[in-house]
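Below is the structure I would like to discuss, written out as structure tokens.
The values are calculated or read from the model by the stated rules, or taken from the named source; none is laboratory data. Quick caveat, the model's predicted, so the values are computed rather than measured. As a convention, Cβ positions derive from the backbone with ideal geometry for all residues, glycine included, and neighbour counts pool all protein chains shown. These accessible areas exclude ligands, DNA and RNA; they are computed on the full protein's heavy atoms, side chains included. Shrake-Rupley method; radii C 1.70, N 1.55, O 1.52, S 1.80 Å.
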Amino acid sequence: MANRQTILDTLREQPDVSVLIIGGGVNGIGTFRDLALQGVDVLLVDKADFCSGASAASSHMAHGGLRYLENGEFRLVHEALIERNRLLQNAPHYVHPLPTTIPIFSWFSGMFNAPLKFLGLLDKPSERGAIIIKAGLTMYDWFTRRFRMTPTHVFHSRAESLVTRPGLNPGIVCTATYYDAWMPYPERICIELLADAETSSDKARALNYVSAIDGEADTVTLRDELTGETFTVKPQIVINAAGPWIDFVNQALDESTNFIGGTKGSHLVLDHPELHKLCDGHELFFENKDGRITLFFPLLDRVLVGTTDIHIDDPEQAICTDEEIDYMLDLIRVVFPDLDVNRSHVVFQFCGVRPLPSSDATTAGQISRDHSIRAIEPDSRLSYPVLSLVGGKWTSFRAFSEQVTDNVLARLKQQRLTTTRDRAIGGGRDYPKNNVDRKALIHETAVETGLEVEHVQTLFERYGTRVREIAAYLAAEPDTPLGYTPGYSRREVQFLAETEKVVHLDDLLLRRTLLAMLGKVTPQSLHEITDVLAAVLDWDDARKQAEIERVIEDWRFRHGVNLAPLAV
Ligand SMILES: Cc1cc2nc3c(=O)[nH]c(=O)nc-3n(C[C@H](O)[C@H](O)[C@H](O)COP(=O)(O)OP(=O)(O)OC[C@H]3O[C@@H](n4cnc5c(N)ncnc54)[C@H](O)[C@@H]3O)c2cc1C
């Protein structure tokens, strides 16, 4: 991917860009890729790391959103289901089908409430019984009838469910199982989209740790967050893809808007082998007594639990509180009442803000999850239009990006050259069609590089078909496994640091790998990885210490992780 310093140097000499995208979450990055493929000169900046805002706080689900049917959001659910299927097809290395089981506690509840909600005559969540759930799942299956990628739903009797799912709450009347999809590495999908974009066009450039801080006449002022240095660019069109920060960015551009009414959502990651076993590879998706939908499912060897939905004004203040932790742990006991689950099982927590449209709905669940472009046309203050990307699901980022790209192309009077509908992402390209092909790829790569088959298998699970490129890099020079970071070698970390725009230590731990989220970072591994990054990124001792302190402080505040500093 293009080098940060080279991009900065070029911009100082040549500040004109056709499109400036402010915000490198999935919607900004998706639009960046689409515009790059159309040959548009596009610059993307993010004030922090790529995919570190709302896009890093999702429930890791690629889904249609069953419950949005109740709010009458048929267009959104239909689109999200089609996009879920496209993700299964275009990113098979990072998006996998997920059987999802709903424990159901009544037959008829919600039969009268659901139509009232649909008509807008009821504005608080209420219990959904088997009949309502059956209607929703039938519609869910119907939406994908022409492009089916997963099995249709089935219901199981109470007796059958209690036999197949030991420990399940005996208060159920039945269970329903349907399919959605999960994404172990959403952040890596974003990094691969960026890499695909920059590889496809030398007119596409992306910078992390660069903020948009001001707008005037035909310029936008940017600040390099590493050095504090400011510089200006001259865009023809600005895309405000700042998610929950959209109104703050518009304010910086001297435009007052009230587009966003964000709600925060928290998640926990549990190290709980018994719960992991009870999930049996399924997501458990259910409603609490307050009508809020919640879920948990196996995230590799851990269990991901989510989520809450609480109004918040300032996204910087979004952290998972003790009350939310207790609330989510209680939820697990709704499904498995006898299970011992407590705070000692929590190895990581995270929280983010949904960039929902501002709304006067009385409950967060009623606010539309659909996406829209809000345009501020050029005026006496700014000579460029500002297109704000409001709302949207992770799942439907491609469709949203396509809509934004078409809008931009019309403004630039350019034709669309290609579509992203069937375009594979990163290591999803030339993905093996079956087990035989997969084994052959792994075996051939092992023979070519001399790496152990098990090692190549792990790399394939992490990077899909990019395994060839990465295994070749690992084999090119002597390599050693990291002593405190099981499953990683020195050269693998080096590869990520050299090729994936890693600026800070936490970029690697939180977003290029799942090490932090799975609770696998120890004080020793923190130091070990810092040493590898320091060699690649040219950090002196002071910078190494600053990076470690940054992680310790931020993770204690944001992720409930206490990493005691090592004595030096
Ligand atoms: C708790 C929760 C659970 C969710 N679960 C799911 C799910 O399971 N499935 C699903 O499909 N969707 C889910 N979503 C929704 C989805 O994650 C978001 O809608 C989507 O990620 C929004 O992406 P975005 O690019 O618009 O915003 P963001 O990802 O927030 O990106 C905005 C970026 O703008 C940057 N920025 C802000 N200000 C500036 C500035 N001045 N200069 C430069 N950059 C700036 C930020 O650093 C940030 O990286 C969930 C969301 C949340 C919060």
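Which of the peptides 463-472, 535-544 is most tightly packed, and how do the rest follow, judged by the mean count of other Cβ atoms within 10 Å per residue? Working shown, then result.
Working: 463-472: 20.2, 535-544: 12.7.
Packing order, densest peptide first, comes out as 463-472, 535-544.
Asp554 to Asn258: extension gain in nm, 0.36 nm per residue of separation minus the Cα-Cα distance?
Details: separation 296, 0.36 × 296 = 106.56 nm, distance 2.93 nm.
Full-extension gain reported as 103.6 nm.
Label points 7 Å out from Cα along the Cβ direction at Asp322 and Thr499: separation in nm?
4.6
Moving on to the next point. What is the packing order of peptides 1-10, 399-408, taking the mean over residues of other C-beta atoms within 10 Å and listing the highest first?
Values: 1-10: 14.0, 399-408: 21.5.
Output ranking for 1-10, 399-408: 399-408, 1-10.
What net charge do the residues around His60 carry, taking every other residue with its C-beta under 15 Å from that of His60, with Lys and Arg at +1 and Asp and Glu at -1? Intermediate values should be presented prior to the final figure.
On the way: positive: Arg84, Arg188, Arg302, Arg354, Lys393, Arg511; negative: Asp180, Glu187, Glu283, Asp301.
Here the charged neighbours net out to +2.
Tell me the accessible surface of Asp313 in square angstrom (1.4 angstrom probe, heavy atoms of protein chains only), to the nearest ten.
Ignoring ligands and nucleic acids, Asp313 comes out at about 120 Å².
Please give the solvent-accessible surface of Tyr431 in Å², to the nearest 10, using a probe radius of 1.4 Å with every protein chain present.
Approximately 60 Å² for this residue.
Further, regarding this structure: Give me the distance in nm between label points sitting 7 Å out from Cα along the Cα-to-Cβ direction at Ile213 and His311, one decimal.
3.3
For His443, His276, His60, give me the order by solvent-accessible area with a 1.4 Å probe, most accessible first, ignoring ligands, DNA and RNA.
Working: His443 110, His276 55, His60 0 Å².
Sorted descending by solvent-accessible area, the residues read His443, His276, His60.
Now a separate question. Give the carbon-plus-sulfur fraction of the accessible surface of the chain in %, rounded to a whole number; probe 1.4 Å, heavy atoms of protein chains only. Before the final figure, lay out the partial values.
On the way: 12170 of 23000 Å².
Percent of accessible area from carbon and sulfur atoms in the chain: 53.
If you don't mind, another one. Pop out the ³J(HN,Hα) list for segment 227-236 in order, Karplus 6.51 cos²θ - 1.76 cosθ + 1.60 with θ = phi - 60°, rounded to Hz; leave Gly and Pro as x.
Coupling constants for segment 227-236: 10, x, 5, 10, 7, 10, 10, 10, x, 7 Hz.
Right, another one. Taking 25 Å as R0, compute the FRET efficiency from the Cβ-Cβ separation of Arg416 and Phe147 and round it to 0.05. Don't skip to the end; give the middle numbers.
On the way: r = 22 Å, r/R0 = 0.88.
Calculated transfer efficiency: 0.70.
How many nm is it between the label spots at Val453 and Asp202, if each spot is 7 Å from the Cα in line with the beta carbon?
Output for this residue pair reads 4.4 nm.
As an exercise, use a Förster radius of 56 Å and the Cβ-Cβ distance of Thr221 and Val154 to find the FRET efficiency, rounded to the nearest 0.05.
Details: r = 57 Å, r/R0 = 1.02.
After rounding to 0.05, the efficiency reads 0.45.
Along the Cα-to-C-beta direction of Arg333, a point sits 7 Å from the Cα; which residues of segment 256-284 have their amide N less than 20 Å from that point?
Hits in segment 256-284 for Arg333 at 20 Å: 267-279, 284.
Quick one: order Glu229, Glu216, Glu498 from most to least accessible surface, probe 1.4 Å. Could the numbers behind the result be given before it?
Values: Glu229 75, Glu216 120, Glu498 100 Å².
Final ranking, largest accessible area leading: Glu216, Glu498, Glu229.
A further question on this structure: What fraction of the DSSP beta bridges in the chain is antiparallel, stated in percent and rounded to the nearest 5? List each step's numbers first, then the result.
Values: 56 of 76 bridges.
Counting DSSP beta bridges with both partners in the chain, the antiparallel share is about 75 percent.
Sort 504-513, 16-25, 380-389 by packing, meaning the average of other beta carbons within 10 Å per residue, with the highest value first. Before the final figure, lay out each step's value.
Numbers: 504-513: 23.2, 16-25: 24.8, 380-389: 19.4.
Sorting 504-513, 16-25, 380-389 by mean packing, highest first, produces 16-25, 504-513, 380-389.
Using +1 on the beta carbon of Lys and Arg, -1 on that of Asp and Glu, and nothing else charged, what's the dipole of segment 430-559 about the Cα centre, debye to 20? Kindly include the intermediate steps, with their values, before the conclusion.
Values: 17 positive and 24 negative charges, 102 e Å.
Dipole of segment 430-559, to the nearest 20 debye: 500 debye.
What is the sum of charges, Lys and Arg at +1 and Asp and Glu at -1, for the other residues whose Cβ falls under 11 Å from the Cβ of Leu563? List each step's numbers first, then the result.
Working: positive: Arg556; negative: Glu549, Glu553, Asp554.
Residues close to Leu563 contribute a combined charge of -2.
Compute, for the chain, the length of the dipole vector about the Cα centre, with Cβ point charges of +1 (Lys, Arg) and -1 (Asp, Glu) only. Units Debye, rounded to 20. It would help to have the intermediate numbers written out before the result.
On the way: 58 positive and 79 negative charges, 419 e Å.
In debye, rounded to 20, the chain gives about 2020.
Which net charge results when you count Lys and Arg as +1 and Asp and Glu as -1 among the other residues whose beta-carbon is under 13 Å from that of Gly392? Numbers along the way, then the final one.
Numbers: positive: Arg75, Arg354, Arg369, Arg374, Lys393, Arg398; negative: Glu73, Glu79, Glu83, Asp370, Glu402.
The answer is +1.
Follow-up question, since we're still on this one. Could you report the accessible area of Glu444 in Å², rounded to 10, computed with a 1.4 Å probe on the protein chains as they sit in the structure?
Ignoring ligands and nucleic acids, Glu444 comes out at about 90 Å².
Let me ask something else about it. From the Cα gyration tensor of segment 430-559, with a ≥ b ≥ c the square roots of its eigenvalues, which class applies: rounded if a/c is under 1.5, or else prolate if a/b is larger than b/c, or else oblate? Intermediate values should be presented prior to the final figure.
Numbers: a/c = 2.49, a/b = 1.89, b/c = 1.31.
Verdict is prolate for segment 430-559.
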